[in-house]
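A.B. asks: One structure coming up, written as structure tokens, with questions to follow.
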Amino acid sequence: MPPDPSLAVKSERPYRTEGVPGIGGVLKQREDDFLVDELPLYQPSGDGEHFMLFVEKRGLSSSYMVGLLARHFGVREGDIGYAGLKDKLAITRQHVTVHVPGRKPEDFPSLQDERVTILWADLHDRKMRRGHLAGNGFSIRVRQVDPQGVLHAHKTLGILAAKGMANWVGEQRFGHWGTNHLIGRALVRSDAQEACDLLLGPSPDGATDEARVAYAEGDYAEALHATPLSAQGERRVLDALVQGEPPRRAIHRLGRTETGFMVSALQSVMFNDVLRERMRAGTLDTLMEGDVAVVHGSTRTTFVVSAGEAASPEMAERLAKLEVSPTGPMWGPSMRWARAKTADVENAVLERFGITLEDLERFAKKNRGAMDGDRRPLRVPLRYPQVEGGADAHGTYVRCGFELPKGSYATEAMAEVMKPDRATAP
């Protein structure tokens, strides 16, 4: 039985900048149209068993970069630490650590690769972990656009800098077929057959390819043959089915990383639904009794808002200054729970997806670390906005620059600028 169509990823989203025309255009026509600079949470210590590198990559995924660095330094990929994944079709600069006890950077030859450059290296005393960054700086060119759109782009980014950006989780999290969150839902609900069908068969909207057709016909061997080598998780599950294992055992072959990614997509789509409800209700820039609020900054301290705090002028001033913001749920047993009417809004989304608290607890217990739970700010500061129009050998463009805190998507800021569902061609 296919999943309820209402659980599909919703593309329609309210804009923070209603009334400001979108400039249209396209992103990422060229690698150098999308520049990302990681903002460090700390500097290298100057001693220790690790190298801290500042690495520039061009047109590569972060996972490919990690493999390349591991081979260059002669270490396992697990000895490479990094704070976050970066865009593939872009030029990105990020900090990476490599565990090489007793060695110094000068002990190794220069890395010879036109796609990866080590800009500097120093010693450091620990491995960099996911989330160990303050944020990212972006410089993004929009192509196929009237340069006069710079006026609208400037106004849009000015509003986001003043009010904060709605902190949507970008739709790239939900995968090419838009089903990652549905696979995550099936995993959390212990529905192995549905998880296999969504992972390997035709998508709910009918999209398919050779491998998915073969799976739907029950020809698992042909499906395995037609599945690309890069789809390692899918191939492991198909191989188990070829060997005659039942779905409940085969789906466990998906792997911890892939399972975590699918469950994160589920958490993300439910967070987006809560954000959508708050924007429609006009409560994104307020704190209500029972909200879990976040103090913006490196520590992201949270607290449950009391009735007195919700009504206080001091809290209203802190909201206006983007010092604090309401948060939404990234569901899991360790998440801090909202109360009062906020809890009603959040629980209604959980119920719509047919997930119970018992489902969450059971899944988290069986899959340590895959669904602990957290709170995510519903809005985030956008700092240092810059806008300019121009032209080069590849045509006209509007360039937008800004900084966002960790975990926030530059493509969501650009969606406000471009409004692709509303803009007309130049």
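A.B. asks: Going by the structure shown, is Ser203 within 24 Å of the chain's Cα centre (by Cα), outside any helix (DSSP H, G or I) and not aliphatic (A, V, I, L, M)?
C.D. replies: Spelling it out, Ser203 is indeed within 24 Å of the chain's Cα centre (by Cα), outside any helix (DSSP H, G or I) and not aliphatic (A, V, I, L, M).
A.B. asks: Among residues belonging to the stretch 227-262 that are at pLDDT 95 or above and among the aliphatic types (A, V, I, L, M), point out the one that is farthest from Ala195 (Cα to Cα).
C.D. replies: That would be Val242.
A.B. asks: In addition: Being assigned to a strand (DSSP E or B) and in contact with a Lys or Arg (Cβ under 7 Å, 6 or more places away or on another chain) is the filter here, so list the residues in the stretch 346-386 that pass it.
C.D. replies: Matches in the stretch 346-386: Arg375 only.
A.B. asks: Quick check on my filter: what residues within the stretch 241-280 are in contact (Cβ under 8 Å) with a residue 60 or more places away in the chain and of a type in the set (Gly, Ala, Ser)?
C.D. replies: Gly260, Ser264, Ala265, Ser268
A.B. asks: Within the stretch 327-379, restricting attention to residues that are hydroxyl-bearing (Ser, Thr, Tyr) and over 30 Å from Leu160 (Cβ atoms), which residue is surrounded by the fewest Cβ atoms within 10 Å (Cβ to Cβ)?
C.D. replies: If we take residues in the stretch 327-379 being hydroxyl-bearing (Ser, Thr, Tyr) and over 30 Å from Leu160 (Cβ atoms), then Ser334 is surrounded by the fewest Cβ atoms within 10 Å (Cβ to Cβ).
A.B. asks: Taking Arg300 as the residue in question, decide whether it is assigned to a helix (DSSP H, G or I) and either modelled with pLDDT of 95 or more or more than 30 Å from Cys196 (Cα to Cα) (or both).
C.D. replies: Answer is no for this residue.
A.B. asks: Condition first: of a type in the set (A, V, I, L, M) and over 27 Å from Ser230 (Cβ atoms). Can you find one or more residues in the stretch 68-90 that meet it?
C.D. replies: No: the stretch 68-90 contains no residue that is of a type in the set (A, V, I, L, M) and over 27 Å from Ser230 (Cβ atoms).
A.B. asks: Turning to a different aspect of this structure: Against the condition within 30 Å of Met270 (Cα to Cα) and either in contact with a Pro (Cβ under 6 Å, 6 or more places away or on another chain) or not β-branched (Val, Ile, Thr) (or both), how does Pro44 come out, does it pass?
C.D. replies: Considered against the rule, which asks whether it is within 30 Å of Met270 (Cα to Cα) and either in contact with a Pro (Cβ under 6 Å, 6 or more places away or on another chain) or not β-branched (Val, Ile, Thr) (or both), Pro44 comes out as no.
A.B. asks: Scan the stretch 145-158 and report the pairs whose first residue is surrounded by fewer than 19 Cβ atoms within 10 Å (Cβ to Cβ) and whose second residue is at pLDDT 95 or above and in a helix (DSSP H, G or I), with Cβ atoms within less than 6 Å and a gap of 6+ or a chain change.
C.D. replies: none
A.B. asks: Going through the stretch 265-286 one residue at a time, which ones are part of a helix (DSSP H, G or I), surrounded by fewer than 18 Cβ atoms within 10 Å (Cβ to Cβ) and either in contact with a Leu (Cβ under 9 Å, 6 or more places away or on another chain) or small (Gly, Ala, Ser) (or both)?
C.D. replies: Residue satisfying the conditions is Ala281 alone.
A.B. asks: Can you run down the residue pairs with Cβ atoms below 9 Å, 6 or more apart or on separate chains, where the first is in the stretch 341-354 and at positive phi and the partner is surrounded by 14 or more Cβ atoms within 10 Å (Cβ to Cβ) and among the charged types (D, E, K, R)?
C.D. replies: Gly354/Arg185; Gly354/Arg189
A.B. asks: For the stretch 52-61, does any single residue satisfy the condition of being touching a residue at least 12 places away in the same chain (Cβ under 8 Å) and part of a helix (DSSP H, G or I)?
C.D. replies: no
A.B. asks: Tally the residues that are touching an Asp or Glu at 6+ places or on another chain (Cβ under 7 Å) and at pLDDT below 90, restricting the search to the stretch 362-403.
C.D. replies: 0
A.B. asks: Of the residues Val295, Val305, only one is touching a residue at least 12 places away in the same chain (Cβ under 8 Å), on the phi < 0 side of the Ramachandran plot and buried (at least 20 other Cβ atoms within 10 Å of the Cβ); which?
C.D. replies: Result: Val305 is the single residue among Val295, Val305 that is touching a residue at least 12 places away in the same chain (Cβ under 8 Å), on the phi < 0 side of the Ramachandran plot and buried (at least 20 other Cβ atoms within 10 Å of the Cβ).
The values are calculated or read from the model by the stated rules, or taken from the named source; none is laboratory data. This structure is a prediction, so every number in the text was calculated from the model and none was measured. Counting neighbours? That spans all protein chains shown, and the Cβs are built from the backbone with ideal geometry, glycine included.
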